[in-house]
Ligand SMILES: NC(=O)c1ccc[n+]([C@@H]2O[C@H](COP(=O)([O-])OP(=O)(O)OC[C@H]3O[C@@H](n4cnc5c(N)ncnc54)[C@H](OP(=O)(O)O)[C@@H]3O)[C@@H](O)[C@H]2O)c1
């Protein structure tokens, strides 16, 4: 054990905490670590951290006093109540000016509450999204910090050196006050849900309509991913190629088709609905996971109905590539639109160019697509990616393919909720007229909610029925 004080402390020695500790130490900092269950800390120190400048501590008091001031403590414990429990234990041991960083997937409203509580004690609280899973945590994640800018300055060097390094700089940038970092991380996860679902639908259509085998599907995804360099496409290729050792067939065939979720996709949809922002592809992805979880019901109902799989046509495979691409772009467009509105609503002052830049590497939604997205937001007037020059051309080129693919899949009993949500989002947002006049008339009919006219200013109501004679 080193006799010097550590420059950084990490609480929580599960997947994220262990790997980030190794990463920060690798960047040249001495790190103290602590975990509620001491045996995990001991095992970590004896095995993965045996020759590292990492100080294992087994009492919270020892952990806190092993750190130089102002103390910089990163909490990486299970999201929810455990974070509050750790804060409550830490506060009496810490001093004014010390900094707590919550690197977990905390809900942004919990972060707002915690910022207030911790700052009342004269300390700082940085709600910080960390993406990239186990690999990212070890080799360089995307880090999305929010909170007091002065506190960020204190930890900036450490966080930036642990982040992924790109030609444009580290994938860590101060995003804004209070819960800005956790809000951005939440939306990152919402986009992740939508991209994953879009890929799953493309895989399903390839397997069932094009009747490709797993190797052929992997080859196609690999080819489609060349211009995108998207992490989620890369892992799709690897997943398709993986064999089940036990059965000697593709492992994917042996994995139960019920998708679980921890809630960040749902949080994104819920927040979007609260703010009045349409994010249908993200919501379709959340719904798709819910529907998949009804395995028994699906089994029973599938026996009641019969439908064919005869939607394929010449050129379907090529169209599927364009359809998937546009659905992925639309997922980012919806997420960034939500960030635009949330930034305004919650005074985050988000710079979407920065957001796109720090998603460029180290995180689950990383892709070369983030370059043109970031560039598009150099135009501070841009209100949606659909209006940007680059993506306007892509939509024009690929729209017909998306329409044909959705139409073809819809003629079968296969599913494409994300692809079709993306198409309807695009069609709605690019339609000067929508059938919402009917909705307004219906609302006025049954509830006297009034409507506006296309030819005259003002608010109008029509006596649609003669109540007295009904
Ligand atoms: N895993 C990922 O790929 C990933 C990616 C991005 C973000 N995240 C987020 O990062 C955070 C950490 O994730 P993780 O997967 O490393 O760990 P996790 O499985 O979410 O949580 C396990 C850790 O939380 C600690 N813990 C649970 N309840 C506690 C309590 N009441 N008091 C103190 N400690 C408590 C556990 O300590 P004990 O050992 O004592 O039980 C253990 O260290 C989470 O918010 C997660 O959502 C995870």
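The values are calculated or read from the model by the stated rules, or taken from the named source; none is laboratory data. Note that the structure is a prediction, hence the values are computed from the model and not measured. Cβ atoms come from the backbone with ideal geometry, glycine included; neighbour counts cover every protein chain shown.
Under the condition of being out of contact with any strand residue (DSSP E or B) (no Cβ under 7 Å at 6 or more places or on another chain) and touching a residue at least 24 places away in the same chain (Cβ under 8 Å), the residues counted in region 214-239 number 11.
Of all the listed residues (192, 229, 211, 201), the sole one being more than 17 Å from the chain's Cα centre (by Cα) and either assigned to a helix (DSSP H, G or I) or not assigned by TED's automatic domain parsing to the domain that holds residue 281 (or both) is 201. Please tell me if residue 282 is in the same structural domain as residue 345 (by TED's automatic domain parsing) and crowded, with 17+ Cβ neighbours inside 10 Å. Yes. When residue 21 is tested against the conditions (1) surrounded by fewer than 24 Cβ atoms within 10 Å (Cβ to Cβ); (2) within 16 Å of the ligand (Cβ to nearest atom); (3) assigned to a helix (DSSP H, G or I), the lone failure is (1). No other residue among 289, 294, 270 is at negative phi, at pLDDT 95 or above and surrounded by fewer than 13 Cβ atoms within 10 Å (Cβ to Cβ) apart from 294. Residues that are assigned to a loop (DSSP other than H, G, I, E, B) and within 22 Å of the chain's Cα centre (by Cα) were ranked within region 105-161; the one that is farthest from the ligand (Cβ to nearest atom) is 147. In region 88-104, which residues are in a helix (DSSP H, G or I) and crowded, with 21+ Cβ neighbours inside 10 Å? Across region 88-104, the qualifying residue is only 90. In the condition set (1) in contact (Cβ under 8 Å) with a residue 60 or more places away in the chain; (2) farther than 27 Å from residue 330 by Cβ; (3) surrounded by fewer than 23 Cβ atoms within 10 Å (Cβ to Cβ), residue 204 is compliant with all but (2).
For region 111-147, residues that are out of contact with any helix residue (DSSP H, G or I) (no Cβ under 7 Å at 6 or more places or on another chain) and closer than 22 Å to residue 92 by Cβ total 8.
The rows are residues; the columns are (1) in contact (Cβ under 8 Å) with a residue 40 or more places away in the chain; (2) outside the structural domain of residue 257 (by TED's automatic domain parsing); (3) under 29 Å from residue 131 (Cα atoms).
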| site | (1), (2), (3) |
| --- | --- |
| 369 | yes, no, yes |
| 373 | yes, no, yes |
| 383 | yes, no, yes |
| 394 | yes, no, yes |
| 401 | yes, no, no |
| 413 | yes, no, no |
| 440 | no, yes, no |
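Within region 2-18, track down each residue that is outside any loop (DSSP other than H, G, I, E, B) and within 28 Å of the chain's Cα centre (by Cα).
In the first step, residues of region 2-18 are kept if they are outside any loop (DSSP other than H, G, I, E, B); the result is 6, 8-11, 15-18.
Result: 8, 9, 10, 11, 15, 16, 17, 18.
Per the conditions (1) more than 10 Å from the ligand (Cβ to nearest atom); (2) in contact (Cβ under 8 Å) with a residue 24 or more places away in the chain; (3) more than 22 Å from the chain's Cα centre (by Cα); (4) assigned to a helix (DSSP H, G or I), the sole criterion not satisfied by residue 84 is (1). Identification of helices (runs of 4 or more DSSP H) wholly contained in region 247-353 with 2 or more residues that are touching a helix residue (DSSP H, G or I) at 6+ places or on another chain (Cβ under 6 Å) yields 264-275, 280-292, 316-345. Residue 159 - would you say it is in the same structural domain as residue 107 (by TED's automatic domain parsing) and buried (at least 20 other Cβ atoms within 10 Å of the Cβ)? So residue 159 fits the description; yes. Give the residues of region 24-48 that are within 15 Å of the ligand (Cβ to nearest atom), more than 29 Å from the chain's Cα centre (by Cα) and either on the phi > 0 side of the Ramachandran plot or in a loop (DSSP other than H, G, I, E, B) (or both), sorted by residue number. If the condition is that a residue be within 15 Å of the ligand (Cβ to nearest atom), more than 29 Å from the chain's Cα centre (by Cα) and either on the phi > 0 side of the Ramachandran plot or in a loop (DSSP other than H, G, I, E, B) (or both), then 37, 48 are the ones that fit. For region 62-79, taking the residues that are out of contact with any helix residue (DSSP H, G or I) (no Cβ under 8 Å at 6 or more places or on another chain) and within 8 Å of the ligand (Cβ to nearest atom), the one that is farthest from residue 125 (Cα to Cα) is identified as 78. Restricting attention to region 49-81, report how many residues are in contact (Cβ under 8 Å) with a residue 40 or more places away in the chain and in a strand (DSSP E or B). Adding up the residues that qualify gives 7.
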